[in-house]
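Scroll down for the structure; my scribbles are underneath it.
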Amino acid sequence: MGQTIAQKIFESHVVDRPTPDTYVLRLDAVFCHEITTPMAINDLVARGKDRVFDSTRIKAVIDHVTPAKDSKTATQGKILREWARRHAIVDFFDIGRNGVCHALFPEKGFVRPGYTVIMGDSHTCTHGAFGAFAAGVGTTDLEVGILKGVCAFRAPSSLRIDITGTLPAGVFAKDVILSIIGRLGVNGATDKVIEFHGPVIGAMTMEERMTLCNMAVEAGATCGICPPDRTTVDYLWPFIKDDFDSPEAALEAYRRFAPDEDAVYDRIVTHDVAALAPQATFGYKPDNVKDVSELVGTPVDQVYIGSCTNGRIEDLRIAAQILKGHTIHPRVRGIVSPATPRIYDQALREGIIATFMEAGFCVTNPTCGACLGMSNGVLAEGEVCAATTNRNFNGRMGKGGMVHLMSPATAAATAIAGTIANSDLYGGR
Amino acid sequence: MKDFDGSVLFLDRSDINTDEIIPARYLTEISKEALKPHLLEDLNMEEFDPQADVAGKRVIVTRSNFGCGSSREHAPWALEVNGITVVIAQSFARIFRQNMFNCGMLAIELPDEMIDRLFGRYAGQAVSVRMDFTNSRLTFCTPEDEETVPFVISDFDRRLVEAGGWVEFADSHY
Ligand code: SF4
């Protein structure tokens, strides 16, 4: 019987089957940040097991609140920092070199097709864009991952989504994934791996695939996976060039993780995007999705462009293209957080940062910040934010605040209009 | 093993997310005990008072997709430090469910009709649960009567609960 991508990765990493339905997998990478890791570190210390399974396979970053905003967040950073030093974790990223984990780690080439990755963060599914099985886990799974390099999962069941058609102008990866979540519902993919296929995926950049896979968890999925192809190899080439004779050879090697033609899926969905319009959420669940045109005129207090979903260079370019020559509405606070130092640097060189500033945006350092309502743009009671992030739960960006999720293009147009607006109003492509 | 017997809190809503169970602003805490006063603080439901309604409860009965959203294990911890060790729902988000078993706690899925029945029959009353973990049965008790309900958890989850959690299990196996 044919196998899905997840089944192939599971079979190649299994170290134990404690029960027939359970796979204990060997981990290729364990990612850590300062919010969920310190409790794991403290517990390991308390148990007298302050060890790591492999310091080269653990990557750590301080990203959620950086620079620290108070004594508590300073302590979280300190615990992670001292632990990284103690165990000689080379790939540890502190202030000045840090950025949002799911943007920073791919940029460093830490994820490869066929990898198994865990992190104490639900959006770890982002890394599935590289053809890896990457799952968000809690602190206990993380703790065992750090100590033993293993994690237990149920036998994978996969949902295949074939994305067909051609994306219309002004419609982006974010609109695609919002429309998919709207269709599947917030638990439509629970306990499943979503495999994304079709010509739309083939035409997407790695950045766009990351945006897509990033939000798989908002439909409940364990991971979103794009099959590795030439785009994947080209992105990774600087990191893998010593391992393969040629990109073709790398692609050939990675094909072992491509799904079989007769792979068995739990469900197959065809999602045509030819007539898709820009999407945005309303209310407090990410599956509450409408065409932006239905939400036009909704007033917002803040516009936030950033996060692991849409804080990459392409996102900033698109937003800047719309903002160019405009100033944002006087009632709107605009905040942009480039997701990594490299993206920030690139945006500076391309004049994108200047465009944002001329439009009246505040540019912050790379951090999660406002995305989870911890710093850098927390909402007050009753305030509304148009955000390029991934979660619109009640209070997500601050108690009593509400969030509309949308693409960077829509967010930029909304900043200018002061109310939710379609980007074509300002020459969005 | 933890204690699974005690009073029930009914939460009649689907998709209760981990931000509602424990808001992100408390993620700066590095002790589980500090989470205690903030459990379900952002859950806006009519006639629900987080502080008063959570006190003295052991079991939550709720609808579908409980624990969706963030992977934060602070959610099960916030339950645990408040004495809640069992959540019974139509379904769970994967990470939350795993976190519960990893902590040696119970996330029990019951069929939709059964959850409907439990809400119809018991919500709003003083109800307690008696757990027969070995035989996978739980009994709902009111002063007037009792009702026993069978449940299914995976063999692996059962072993985690028996071991006291995933750290303990992994330690003796890997
Ligand atoms: S940017 Fe937001 S969603 Fe992404 S890792 Fe940071 S807090 Fe989580």
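All of the numbers you see were taken from the coordinates with simple rules; none came from a lab. None of the values given here were measured: they were computed from a predicted structure. So basically every Cβ, Gly included, is an ideal-geometry build from the backbone, and we count neighbours across all protein chains shown.
Criterion applied to A:Gly185, A:Gly145, A:Gly149 was being surrounded by fewer than 24 Cβ atoms within 10 Å (Cβ to Cβ), within 14 Å of chain B (Cβ to nearest Cβ) and touching a Leu at 6+ places or on another chain (Cβ under 9 Å), and the one residue passing it is A:Gly149. For the range A:320-342, taking the residues that are closer than 15 Å to A:Pro408 by Cα, buried (at least 24 other Cβ atoms within 10 Å of the Cβ) and within 16 Å of the ligand (Cβ to nearest atom), the one that is nearest to the other protein chains (Cβ to nearest Cβ) is identified as A:Ser337. Applying the condition of being within 13 Å of the ligand (Cβ to nearest atom), within 13 Å of another protein chain (Cβ to nearest Cβ) and assigned to a loop (DSSP other than H, G, I, E, B) to the range A:382-403 and asking which residue is farthest from B:Ile16 (Cα to Cα) yields A:Thr389.
Selection of the range A:105-127 for residues being away from the ligand (no atom under 15 Å from the Cβ) and either within 14 Å of chain B (Cβ to nearest Cβ) or assigned to a strand (DSSP E or B) (or both) yields only A:Thr116.
Test B:Ala107 against the stated conditions and say whether it is of a type outside the set (S, T, N, Q), touching a helix residue (DSSP H, G or I) at 6+ places or on another chain (Cβ under 6 Å) and assigned to a helix (DSSP H, G or I). Before you say what the answer is, go through the steps one by one.
Details: of a type outside the set (S, T, N, Q): yes; touching a helix residue (DSSP H, G or I) at 6+ places or on another chain (Cβ under 6 Å): yes; assigned to a helix (DSSP H, G or I): no.
Considered against the rule, which asks whether it is of a type outside the set (S, T, N, Q), touching a helix residue (DSSP H, G or I) at 6+ places or on another chain (Cβ under 6 Å) and assigned to a helix (DSSP H, G or I), B:Ala107 comes out as no.
Do we find that A:Gly96 is on the phi > 0 side of the Ramachandran plot and within 14 Å of another protein chain (Cβ to nearest Cβ) in this structure? So A:Gly96 does not fit the description; no.
A:Leu295 meets each of the listed conditions (1) out of contact with any Gly (no Cβ under 8 Å at 6 or more places or on another chain); (2) away from the ligand (no atom under 16 Å from the Cβ); (3) within 14 Å of chain B (Cβ to nearest Cβ); (4) not small (Gly, Ala, Ser) apart from (3).
On the given criteria, is A:Arg47 within 14 Å of chain B (Cβ to nearest Cβ) and without any contact (Cβ under 8 Å) to a residue 12 or more places away in the chain? In short, yes.
Looking across the range B:73-88, the residues that are surrounded by 24 or more Cβ atoms within 10 Å (Cβ to Cβ) and within 14 Å of another protein chain (Cβ to nearest Cβ) come down to B:Glu73, B:His74, B:Ala75, B:Pro76, B:Trp77, B:Ala78, B:Leu79. The requirement of being of a type outside the set (D, E, K, R), away from the ligand (no atom under 16 Å from the Cβ) and more than 10 Å from chain A (Cβ to nearest Cβ) is fulfilled nowhere in the range B:92-104; no residue meets it. For the range B:1-40, a residue qualifies if it is in contact with a Gly (Cβ under 8 Å, 6 or more places away or on another chain), aliphatic (A, V, I, L, M) and within 9 Å of chain A (Cβ to nearest Cβ), and exactly one does: B:Ala24.
Considering only residues of the range A:200-215 that are of a type in the set (A, V, I, L, M) and outside any helix (DSSP H, G or I), which is surrounded by the fewest Cβ atoms within 10 Å (Cβ to Cβ)? Can you show your working first?
Looking only at the range A:200-215, we keep the residues that are of a type in the set (A, V, I, L, M), and these are A:200-201, A:203-204, A:206, A:210, A:212, A:215.
Adding the requirement that they be outside any helix (DSSP H, G or I) leaves A:204, A:215.
Values: A:Met204: 22, A:Met215: 27.
Once the filter is applied, the top-ranked residue is A:Met204.
Go through the residues of the range A:106-114 one by one and say whether even a single one is under 30 Å from A:Ala275 (Cβ atoms) and under 14 Å from the mean Cα position of the chain (by Cα).
Quick first cut of the range A:106-114, residues under 30 Å from A:Ala275 (Cβ atoms) only: none.
No: zero hits.
Can you tell me which residue within the range B:1-33, out of those that are in a loop (DSSP other than H, G, I, E, B) and among the small types (Gly, Ala, Ser), is surrounded by the fewest Cβ atoms within 10 Å (Cβ to Cβ)? This residue is B:Ser31. If I filter the range B:41-72 down to residues being part of a loop (DSSP other than H, G, I, E, B) and over 28 Å from A:Glu381 (Cβ atoms), which single residue comes out as nearest to the other protein chains (Cβ to nearest Cβ)? Among residues in the range B:41-72 that are part of a loop (DSSP other than H, G, I, E, B) and over 28 Å from A:Glu381 (Cβ atoms), the one nearest to the other protein chains (Cβ to nearest Cβ) is B:Ser64. Applying the criterion of being in contact with a Phe, Trp or Tyr (Cβ under 6 Å, 6 or more places away or on another chain) and in a loop (DSSP other than H, G, I, E, B) to the residues of the range A:128-142, the residue that is surrounded by the most Cβ atoms within 10 Å (Cβ to Cβ) is A:Ala132.
None of A:Phe130, A:Phe93 is within 15 Å of the ligand (Cβ to nearest atom), under 22 Å from the mean Cα position of the chain (by Cα) and not hydroxyl-bearing (Ser, Thr, Tyr) except A:Phe93.
Screening B:Val152 with (1) loosely packed, with under 14 Cβ neighbours inside 10 Å; (2) free of Cβ contacts under 8 Å to residues at least 40 places away in the same chain; (3) more than 11 Å from chain A (Cβ to nearest Cβ) gives one miss only, at (2). Tallying residues that are within 14 Å of chain B (Cβ to nearest Cβ) and out of contact with any strand residue (DSSP E or B) (no Cβ under 7 Å at 6 or more places or on another chain) within the range A:191-218 yields 3.
Specify which of the listed residues (B:Ser70, B:Ser91, B:Ser64) is of a type outside the set (Asp, Glu) and closer than 25 Å to B:Ile30 by Cβ. Even if it seems obvious, please write down each step before you answer.
Working: B:Ser91 fails: closer than 25 Å to B:Ile30 by Cβ; B:Ser64 fails: closer than 25 Å to B:Ile30 by Cβ.
That would be B:Ser70, the only listed residue that is of a type outside the set (Asp, Glu) and closer than 25 Å to B:Ile30 by Cβ.
Restricting the search to the range A:280-297, which residues are farther than 19 Å from A:Ala173 by Cβ, out of contact with any Lys or Arg (no Cβ under 7 Å at 6 or more places or on another chain) and crowded, with 16+ Cβ neighbours inside 10 Å? Within the range A:280-297, A:Tyr284, A:Lys285, A:Asn288, A:Leu295, A:Val296 meet the criteria.
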